[in-house]
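**Q** Sending over a structure as structure tokens; questions will come in a sec.
The values are calculated or read from the model by the stated rules, or taken from the named source; none is laboratory data. All figures in this text were calculated on a predicted structure; none of them were measured in a lab. Every residue, glycine as well, gets a Cβ built from its backbone with ideal geometry; the counts of neighbours run over all protein chains shown. Side chains included, ligands, DNA and RNA excluded: accessible areas come from the protein's heavy atoms. Shrake-Rupley method; radii C 1.70, N 1.55, O 1.52, S 1.80 Å.
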Amino acid sequence: MPIEPQPTQATSAGADLAQRLSEGQRHLAAGRLDAAAGIAEQLLQRHADHINSWLFAGLVARRQGRLEAAITTFRAAAERNPRVAEPWRQLGNALTERGDAAGAEAAYRQGLALQPDDVPLLNNLGVVLRKSGRPGPAAETLRRAVGLRPDHADAWFNLGNALAELDRITDAGEAYEQVLRLQPDRISGGLRLAQVYQSLNRVADAERLFERLQQLAPDNIAARRGIRAARAKAVPQWHFPMMNDAARNEAYRIAIERAAARRRAATGAAGGILDIGTGAGMLAMIAARTGFAPVHTCEMVPAVAAAAGDVIARNGLADKVTLLGKSSNDLVPGQDLPGTVSLLVTETFDSLLLGEDILRTMDHARACLLAPGAQVIPAAGAVMGALIGGAIIAEQMFAQTVLGFDLSAFNRFASLKAVLPIDLLPHRLMSEAVEILRFEFPGDRHIEPGRSEAEFLATADGECAGVAQWIRLYLDSETIYENRPDNQGRPSSWLQILHAFPQPTQLRAGDRLRFAVEHNRVSVDIELLQVIPAGA
């Protein structure tokens, strides 16, 4: 790190000092440390009374890895001229390298007492404060530094780091953006800013920035991984098992083809169709292959829409499918669509049925998109459930006795609802399936959040962990798809939900269990109210 030269007198001695310092700096910059060390020794012999000699000697010692010698030399420089800030900065830097945060902080503060507006000192102090676990004071110090020098990229970068530790993510992003304005090719600043974009769910911005960073540094692993992480956040992993769910795909294919056949029988043509939530384009392509025309499909995630466009084109259907890069809630008949539609198909459901905001989607479709008497595939969706037991299931939710230790007190932290691949876990259903909630699509009214009750009849004795919940889609009057756990070890594209009891409960066949069921339009909760013993 270069030193800040201190003024020298215009004498022959001053000229010699300046010449040797210049020569020494060239050796140091070129990595010729032995030559630089020789110059440093000469300076201390000939010009021991000048602070620059000591500063240069300390800097050489630090570059040689002689950290303690450097610290001693910088202290000597500070003692020879206690009114100059530069020795304190260099001493602080060396102490920081040694890991002495308290000593470094004291040195930087000594320098700032002499030069309160010294931006490098403020920057370095901010770094030490943050590394000492004080991001708040660090941010204040660094904010002062960039106020004095708005072009100081390092201070902006360090300010961003401090703000990030304070969870002030938006402010941290603004600091990193300043770094890139000043140093557009700075990889470290770009990586931090891209991570902020991910935290703020600005997935497309993160992906674009990671791609640019990879162009700047093709071997940068963080940039390469960042691209994949950004894409994975835009397109969660569950898309892949869903695309490969043969039973689900076949059920939708049958329902779409049956709808086409019925419309041909009634009108002579399959007519048009709207697919909400393009994903990879599967349903839209099924519709196009079946003979629907026009086929419109919408996807609000830009990265997904772009990939779907490639998929549709690769399958030779680009001229038959119109892909709209927006949410269905933003579609306007007469602008985005030729008019209202008489057939709508969608798979925008999660494992709780409601989590992808399907009710809001249907509210808008009913009000704005659908022609009178329009058909929706699926025609209805249901939240299904059954009592479930099995040691492996209980172990996913409860701590009991392990190695002879009673761990049950830890169950105070247990969640009462968890998404689980119950298909893949040994289990037994301890009741018949119950349709807990049912929603007609599109329905004839807005559905408000609600509370109801459900009752289950135990069909087996044993320990019960709670209620296994899955979804059932009534695609039309003849075709049903559901992801009921079947103990066959075949995962479905939608997982199941376990609504757990506060603790495992012993049941006997014939016991009746009453549950409260609540939904807030996007989530479902099921809670045990009462166990009524058999015969009671």
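**Q** If the requirement is being touching a Cys at 6+ places or on another chain (Cβ under 8 Å) and not β-branched (Val, Ile, Thr), which of these qualifies: Leu387, Leu343?
**A** Values: Leu343 fails: touching a Cys at 6+ places or on another chain (Cβ under 8 Å).
From the options Leu387, Leu343, the qualifying one is Leu387.
**Q** Hey, which of the helices (runs of 4 or more DSSP H) in region 234-301, taking only ones fully inside, have at least 3 residues that are closer than 21 Å to Asp476 by Cα and not hydrophobic (A, V, I, L, M, F, W, C)?
**A** Values: elements: 239-243, 246-267, 282-290.
Answer list for region 234-301: 246-267.
**Q** Something else: Show the residue pairs that are 6+ apart or on different chains and have beta-carbon atoms under 8 Å apart, the first residue being within region 394-407 and surrounded by 12 or more Cβ atoms within 10 Å (Cβ to Cβ), the second being assigned to a helix (DSSP H, G or I) and of a type in the set (Ser, Thr, Tyr).
**A** Partner pairs satisfying both residue conditions: Phe398/Ser408; Ala399/Ser408; Gln400/Ser408.
**Q** A follow-up question, please. Quick test for you: out of Gln530, Gln506, pick the one residue that is part of a strand (DSSP E or B) and without any contact (Cβ under 8 Å) to a residue 24 or more places away in the chain. Break it down into steps so the answer makes sense when it comes.
**A** Numbers: Gln506 fails: without any contact (Cβ under 8 Å) to a residue 24 or more places away in the chain.
Going through Gln530, Gln506 in turn, the sole match is Gln530.
**Q** Please verify whether region 121-143 includes one or more residues that are over 24 Å from Leu191 (Cβ atoms), surrounded by fewer than 23 Cβ atoms within 10 Å (Cβ to Cβ), more than 31 Å from the chain's Cα centre (by Cα) and of a type outside the set (Phe, Trp, Tyr).
**A** Among the residues of region 121-143, not one is over 24 Å from Leu191 (Cβ atoms), surrounded by fewer than 23 Cβ atoms within 10 Å (Cβ to Cβ), more than 31 Å from the chain's Cα centre (by Cα) and of a type outside the set (Phe, Trp, Tyr), which makes the answer no.
**Q** Can you pull out every residue in region 181-206 that is farther than 24 Å from Ala232 by Cβ and open to solvent by less than 50 Å² (accessible area, probe 1.4 Å)?
**A** Filtering region 181-206 for residues farther than 24 Å from Ala232 by Cβ gives 181-186.
Of everything in region 181-206, just one residue is farther than 24 Å from Ala232 by Cβ and open to solvent by less than 50 Å² (accessible area, probe 1.4 Å), namely Arg186.
**Q** Any residue at all in region 68-89 that is under 41 Å from the mean Cα position of the chain (by Cα) and either under 16 Å from Leu125 (Cβ atoms) or not polar (S, T, N, Q) (or both)?
**A** yes
**Q** If Gln375 passes every condition in (1) within 21 Å of Asp525 (Cβ to Cβ); (2) in a strand (DSSP E or B); (3) open to solvent by 40 Å² or more (accessible area, probe 1.4 Å) but one, which one does it miss?
**A** Going through (1) within 21 Å of Asp525 (Cβ to Cβ); (2) in a strand (DSSP E or B); (3) open to solvent by 40 Å² or more (accessible area, probe 1.4 Å) one by one, Gln375 breaks only (1).
**Q** Let me ask another. Somewhere in region 326-333, is a residue touching a Gly at 6+ places or on another chain (Cβ under 9 Å) and not in a loop (DSSP other than H, G, I, E, B)?
**A** Within region 326-333, one or more residues are touching a Gly at 6+ places or on another chain (Cβ under 9 Å) and not in a loop (DSSP other than H, G, I, E, B).
**Q** Additional query: Please state which one of Gly309, Gly271 is in contact with a strand residue (DSSP E or B) (Cβ under 9 Å, 6 or more places away or on another chain) and within 23 Å of Asp205 (Cβ to Cβ).
**A** Residue meeting the stated conditions: Gly309.
**Q** Just need a number here: residues in region 439-453 that are in a strand (DSSP E or B), out of contact with any Lys or Arg (no Cβ under 8 Å at 6 or more places or on another chain) and farther than 16 Å from Thr348 by Cα. Talk me through it step by step, then tell me what you get.
**A** Step one: filter region 439-453 for residues in a strand (DSSP E or B), giving 439-440, 450-453.
So of that shortlist, the ones also out of contact with any Lys or Arg (no Cβ under 8 Å at 6 or more places or on another chain) come out as 439-440, 450-452.
Checking which are farther than 16 Å from Thr348 by Cα leaves us with 450-452.
Matching residues across region 439-453 total 3.
**Q** Mind checking which pairs have a first residue in region 248-274 that is over 10 Å from Thr290 (Cβ atoms) and a second that is surrounded by fewer than 16 Cβ atoms within 10 Å (Cβ to Cβ) and of a type in the set (Phe, Trp, Tyr), Cβ under 6 Å, 6 or more apart or different chains?
**A** Listed by first residue and then by second, the contacts come to nothing, as the list is empty.
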